[in-house]
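Asker: Here it is, the structure, as structure tokens.
Just so you know, all these numbers are worked out from the coordinates, no wet-lab data involved. Remember, predicted model here, so these are calculated numbers, not experimental data. Glycine gets a Cβ as well: all are built from the backbone with ideal geometry, and neighbour counts include every protein chain shown.
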């Protein structure tokens, strides 16, 4: 019965036809509006930083630390459950919304009551009133869960992207105006509260929903259980994502931690930006096609190949030119960054290759599998970091690059079974970008050996980047032109598309 409903829902959304147009237009709008929003945010932040004092930022950072940790669990994992489970009735969604709102109110009350405890911990009395004010974000976030999930399910990616850009704009405007008015650290609080309130109102206006008291828990028990498993997965992810820096800070020294942090930020920046844009769109599309395995497999392979075309050359290019990038961006005093920077670039290439595997597990409802794989990841990676730290930050970087691909294999095997996909199809999707990067690497290394010894880092980087990009593009056009054109035809094909 439920499977029949899901298949019917997928048919209504145009699986196999309109989803193509919705997917790629969604990615395009998400990219454009995300970058626009970030540009606005940076302008506002830099302007306000000239007016506000470091102490203002410090006070708000203290208040946001406990608030931010609680926000990791405030949605009870229901944001993903509502997108994935298309069999939920209107009454069930109303009860889940009521449960989320009740939990948010409890968090807000708890933080209000404990505000002075947190303030005492930081020895800053002013933190207490900031925590009380910021606890309102729990209510805003709870009210956003259902409309955001419904917009994802409706494939209204333009609306979601526009809302994200609007939030950046409202927050930046509030920050600048409040700072100009001399409100000090309250400017940083108000930009969070005002933007949260505005976006909450807009979401409810775009996608109204009902709220009911969370009685008859038996009817929503399965959703609550799935949400709990997702929270465990997120906690495990948070654990292993921060364990490397925690261990380095504890067992080495602050200089090593600083170098490793910079290496992580530089190596991951382009890959995370590319993958995050796609990750904002695929939930609705994968959820809509979860009962249509051939279509789900097609989207997975198509997007994996497209991600590889963008992420692989970025990662390999950064690895090849890491010394130039560090010298130009940071200066020669940061030599210790270069080695872990290079190594972590290859980890991020693997990360980009498998980033959609977790989405397959999530949006086909494999929350339990995701939870246990995340627990396995945190146990193995933390153990690996503890051993590898003996060799310094380079050892920790190598532990990511060696262990992460191995830990990704079980998830890939399970996802392949879900999609009825052969593992070799996955690696075949990565092969064109990988081969082109290999030839690109040979070209760049050969060029480096013939560059004049006295050439500065900036012109050398420009020459190497230009040669690498040209070689990469040429290999793809010569050896894989048919595949590239096939992707372009899918991306720019005219179709009915879902309304965004």
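Asker: Tell me, what is a quarter of the convex hull surface for the C-alpha atoms of the stretch 2-223, in nm² with one decimal?
Answerer: About 13.3 nm², averaged over all directions.
Asker: Return the whole-Å distance between the Cα centroid of the stretch 93-159 and the Cα centroid of the stretch 257-291.
Answerer: 25
Asker: Stretch residue 276-residue 434 to full length: gain in nm at 0.36 nm per residue minus the Cα-Cα span?
Answerer: Contour length minus Cα-Cα distance gives 54.8 nm.
Asker: Given Cα pairs under 8 Å that are at least 6 residues apart, what percent is the relative contact order of the chain?
Answerer: Here the relative contact order equals 22 percent.
Asker: Follow-up question, since we're still on this one. How do 89, 174, 200 line up, fewest other C-beta atoms within 10 Å first?
Answerer: Exposure proxy ranking, most exposed first: 89, 200, 174.
Asker: Simple spin-label model, 7 Å along Cα-to-Cβ: residue 46 to residue 294 in nm?
Answerer: According to this spin-label approximation, the distance is 5.2 nm.
Asker: Separation of the stretch 198-224 and the stretch 425-457 by C-alpha centroid, Å?
Answerer: Here the answer is 51 Å between Cα centres.
Asker: Provide 275, 287, 80 in ascending order of the number of other Cβ atoms located within 10 Å of each residue's Cβ, fewest first.
Answerer: Neighbour counts put them in this order, fewest first: 275, 80, 287.
Asker: Expressed in nm to one decimal, what extension gain is obtained for the pair residue 335 and residue 269 from 0.36 nm per residue of sequence separation less their Cα-Cα distance?
Answerer: Here the segment from residue 335 to residue 269 would lengthen by 21.8 nm.
Asker: Additional query: When the Cα centres of the stretch 365-400 and the stretch 338-352 are compared, how far apart do they sit, in Å?
Answerer: With the stretch 365-400 and the stretch 338-352 each reduced to a Cα centre, they are spaced 15 Å.
Asker: Shifting gears a bit: Based on a Kirkwood Rh over C-alpha pairs, give the Stokes-Einstein translational diffusion coefficient of the chain at 4 °C and viscosity 1.567 mPa s in µm²/s.
Answerer: Here the translational diffusion coefficient equals 52 µm²/s.
Asker: Determine the relative contact order of the stretch 108-259: mean sequence separation of Cα pairs under 8 Å and six or more apart, normalised by residue count, in whole percent.
Answerer: For the stretch 108-259, the relative contact order is 19 percent.
Asker: Dimensions of the stretch 232-492 along principal axes (Cα, Å, largest first)?
Answerer: 60, 49, 26
Asker: Then there's this: Taking neighbour Cβ counts within 10 Å as the exposure measure, how do 440, 72 sort from fewest upward?
Answerer: So the residues, fewest neighbours to most, are 72, 440.
Asker: Restricting to Cα pairs below 8 Å that are 6+ residues apart, what does the relative contact order work out to for the stretch 49-190? Please round to a whole percent.
Answerer: With pairs under 8 Å counted, the relative contact order is 34 percent.
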